[in-house]
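K.L.:
Next up is a structure, given as structure tokens.
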Amino acid sequence: MDGIYLRHVAKEIEDEAIGARVNQVYQPNRDELVIVLRTFGGSKKLLLSSRANSARVNFCAKTPENPAQPPMFCMLLRKRLGGGKLVGIRQQGCDRILSLDFECVNELGDVVGLSVVCEIMGMYSNIVIVNRDTGIIIDALKRIDLTSKSQRFVLPNIKYEPPAAQEKYNILETMPEEIAEKIVDLPAEMPLSKAVLGTVQGVSPLICREIEFRVAEGATNRVEGLLYERLVSELERLRQITENCSGEPYSVYKSDGRPMDTAFFEIRQYGGFAKVEKNNSFNEAIDNFYEERDSKERMRVKSHSLNKLLTTLCDRTARKLQKQHTELKGCADREQLRICGDLLQANLYRIERGASFAEVENYYDAEGKTIRIKLNPAISPAANAQKYYKDYQKAKNAEIVLAQQIEKGSQELEYLESVLDTVGRAESEKELSQIREELCEQGYLRKPKGKQQKQQKLAPREYVSSDGFKIYVGRNNSQNDKLTMKTAAKTDVWLHTKDIHGSHVIIDAQGGKVSDTAIIEAARLAAYHSKARESTNVPVDYTLVKYVSKPNGAKPGMVIYVNNKTVFVDPKCDI
């Protein structure tokens with residue numbers, strides 16, 4: 001979001017929300033605020049983000065999930081901004097600093113002017129609450145003190161100082177011809193896009209590359225003649241768009257449909273390598289651009305502690321299994337211990353007490369070769385023979401125990417990896433809460449102390465195939481068990497990715513026969529809701545629910561099945 005794009009977004013917000021009242025304030029996470037405004041046209045959700053890779057201000061369609069306990073900064077805003085009226089929006093030149101001015105009423109009933117200053121500056125982005133009458137900072141989302149390397153402080157009860165302005169030319173205050181001369185007169189020759197970026201305030205690298213493309217692809221700042229006139233013309237067009245907010249919202253998409261860029265006029269530089277579409281509004285364009293990426297980032301932050309715990313448990317279990325396999329490998333030579341005991345027992349009369357070894361004929365060997373057996377000189381030959389028998393029995397018992405432990409550990413590792421995969425696919429805080437609850441029940445997490453608020457259980461994801469069959473997808477291991485073993489009918493179809501962690505999928509047969517189309521579409525869903533989401537040609541097993549069973553003592557989500565068939569599909573979630 002560059003300064004000129006922000007100017008267009010601010011104009012839309014101003015047109016729709018000036019005079020609106022603050023209905024509620026939320027803080028979904030440490031970097032974002034949502035101010036719900038009650039306008040004449042209905043409720044509007046204004047998102048203020050200071051996240052380094054997606055700092056912005058815009059109306060959002062979806063409200064990010066909020067924590068159960070609001071942070072202190074959110075509580076402060078609710079107290080100060082609650083019921084306040086949005087009376088103005090100010091932008092500092094074409095820079096990425098936007099101030100939202102509110103008229104609020106304090107505890108004494110006096111009207112107080114407050115400004116929410118949004119500084120959109122990449123990793124230095126911040127949201128600062130300022131008393132508009134005194135210029136004093138009330139608080140900031142990110143406090144900047146002596147511990148930081150910044151030259152300015154952002155702390156409560158000190159004067160607010162805006163970030164230092166860049167040494168660039170404001171397109172609204174400087175004529176295009178003058179800016180063009182500055183670009184041409186730069187000391188070093190460089191690509192035209194880089195020269196424009198370093199000279200003009202409020203333009204992104206995308207816009208600078210587009211200006212270079214329209215002047216002449218590959219042009220440098222040493223343009224002259226016709227190319228110089230084109231540069232002046234493009235700068236004049238940029239000035240007109242900025243002054244009148246007459247730009248149009250365009251989004252650029254990659255060939256696979258993922259958003260790539262967004263701009264305030266049509267982008268032509270990519271040619272046929274990208275798809276350019278016009279949006280209904282700048283707020284919609286920027287919201288769509290960041291929504292998918294931001295939702296993943298929010299979940300990554302919220303699931304960090306669970307991911308760390310499960311990764312640690314997986315590593316610990318894997319190391320334990322490796323050690324047990326090494327010990328089991330050592331038990332493979334136990335027969336040699338028994339043979340040594342037998343040979344010593346048979347040759348006791350020939351072995352002198354205190355000998356460090358005994359060389360005897362090995363009657364277990366077909367050729368009758370002699371074998372040297374190590375002895376402990378401190379004990380008798382008979383005691384040495386008994387020690388070999390004891391070591392043999394110990395190795396034999398260890399092999400049985402280790403085999404059981406390895407099987408148990410392998411099942412535990414498989415379960416932990418399946419939970420880790422489920423955490424990676426979680427889409428809400430409620431899903432993470434249910435995973436935590438499952439881990440508490442399995443003893444991997446301690447149950448929280450005190451009385452906990454009972455949360456409503458999430459239902460499985462529900463889809464409908466193109467020919468009308470309902471398809472259900474489990475969200476976690478506990479829900480997979482319930483869906484397969486309790487909810488589904490015996491004649492329903494059960495699907496799961498072959499040897500890959502993923503969700504249980506059920507096709508509701510409604511007492512009849514499930515179509516091949518429904519099976520293929522459900523298999524695509526099973527592949528999509530699995531660890532193989534980003535793969536192709538994923539194998540998915542399917543069978544009737546009556547052929548699926550759960551072994552006694554098995555971990556949640558773990559089942560066995562027979563009479564299955566396999567289909568290979570590409571993961572999709574578009575039904």
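The values are calculated or read from the model by the stated rules, or taken from the named source; none is laboratory data. From a predicted model like this one, the values you see are computed outputs, not experimental measurements. Methodologically, a virtual Cβ is constructed for each residue, glycine included, from the backbone with ideal geometry; neighbour enumeration extends over all protein chains shown. Heavy atoms of the whole protein, side chains included, go into the accessibility calculation; ligands, DNA and RNA do not. Shrake-Rupley method; radii C 1.70, N 1.55, O 1.52, S 1.80 Å.
K.L.:
Kindly indicate the residue of the stretch 262-297 that is buried (at least 19 other Cβ atoms within 10 Å of the Cβ) and more than 17 Å from F59 (Cβ to Cβ) and also nearest to the chain's Cα centre (by Cα) among those meeting that condition.
P.N.:
Selected residue: A263.
K.L.:
Output the number of the condition that V301 fails; it satisfies all remaining conditions of (1) modelled with pLDDT of 85 or more; (2) surrounded by 12 or more Cβ atoms within 10 Å (Cβ to Cβ); (3) β-branched (V, I, T).
P.N.:
(1)
K.L.:
How many residues are in contact with a Pro (Cβ under 6 Å, 6 or more places away or on another chain) and either at pLDDT below 85 or not in a helix (DSSP H, G or I) (or both) when one looks only at the stretch 331-363?
P.N.:
3
K.L.:
Please name all residue pairs, on different chains or six or more residues apart, with Cβ atoms under 6 Å, provided the first residue is in the stretch 389-407 and is over 11 Å from L328 (Cβ atoms) and the second residue is open to solvent by less than 60 Å² (accessible area, probe 1.4 Å).
P.N.:
Matching pairs, first to second residue: Y389/G341; D391/L337; Y392/R334; Y392/L337; K396/R334.
K.L.:
Among residues belonging to the stretch 412-435 that are at pLDDT below 90 and not acidic (D, E), point out the one that is most open to solvent (accessible area, probe 1.4 Å).
P.N.:
Here the residue is K430.
K.L.:
Just to check your reading of the model, which residue among E12, E16 is touching a Gly at 6+ places or on another chain (Cβ under 8 Å), surrounded by fewer than 20 Cβ atoms within 10 Å (Cβ to Cβ) and under 30 Å from L235 (Cα atoms)?
P.N.:
E16
K.L.:
Can D101 be described as acidic (D, E), surrounded by fewer than 20 Cβ atoms within 10 Å (Cβ to Cβ) and part of a loop (DSSP other than H, G, I, E, B)?
P.N.:
It is false that D101 is acidic (D, E), surrounded by fewer than 20 Cβ atoms within 10 Å (Cβ to Cβ) and part of a loop (DSSP other than H, G, I, E, B).
K.L.:
Every residue in the stretch 335-370 that is open to solvent by 50 Å² or more (accessible area, probe 1.4 Å) and within 28 Å of V401 (Cα to Cα), please.
P.N.:
If the condition is that a residue be open to solvent by 50 Å² or more (accessible area, probe 1.4 Å) and within 28 Å of V401 (Cα to Cα), then E335, Q336, R338 are the ones that fit.
K.L.:
Please determine whether any residue of the stretch 396-419 is among the basic types (K, R) and over 18 Å from C314 (Cα atoms).
P.N.:
Yes, some residue in the stretch 396-419 is among the basic types (K, R) and over 18 Å from C314 (Cα atoms).
K.L.:
Note down all Cβ pairs under 8 Å where the first residue falls in the stretch 205-234 and is over 18 Å from A188 (Cα atoms), the second is open to solvent by 70 Å² or more (accessible area, probe 1.4 Å), and they're at least six residues apart or on different chains.
P.N.:
E210/R268; F213/R268; R214/R230; R214/R268; V215/R230; A216/R230; V232/E177
K.L.:
Out of E178, E173, E119, E167, I need the residue that is within 24 Å of L197 (Cα to Cα), touching a Pro at 6+ places or on another chain (Cβ under 9 Å) and of a type outside the set (S, T, N, Q). Which one?
P.N.:
E119
K.L.:
Hey, another quick one. Looking at the stretch 1-71, what strands (runs of 3 or more DSSP E) fall wholly within it and have at least 2 residues that are touching a residue at least 24 places away in the same chain (Cβ under 8 Å) and either of a type in the set (A, V, I, L, M) or out of contact with any strand residue (DSSP E or B) (no Cβ under 7 Å at 6 or more places or on another chain) (or both)?
P.N.:
Filter on the stretch 1-71 gives 21-29, 32-39, 42-49.
K.L.:
From the list S356, S380, S410, exactly one residue is small (G, A, S) and within 30 Å of K482 (Cα to Cα). Which is it?
P.N.:
S410
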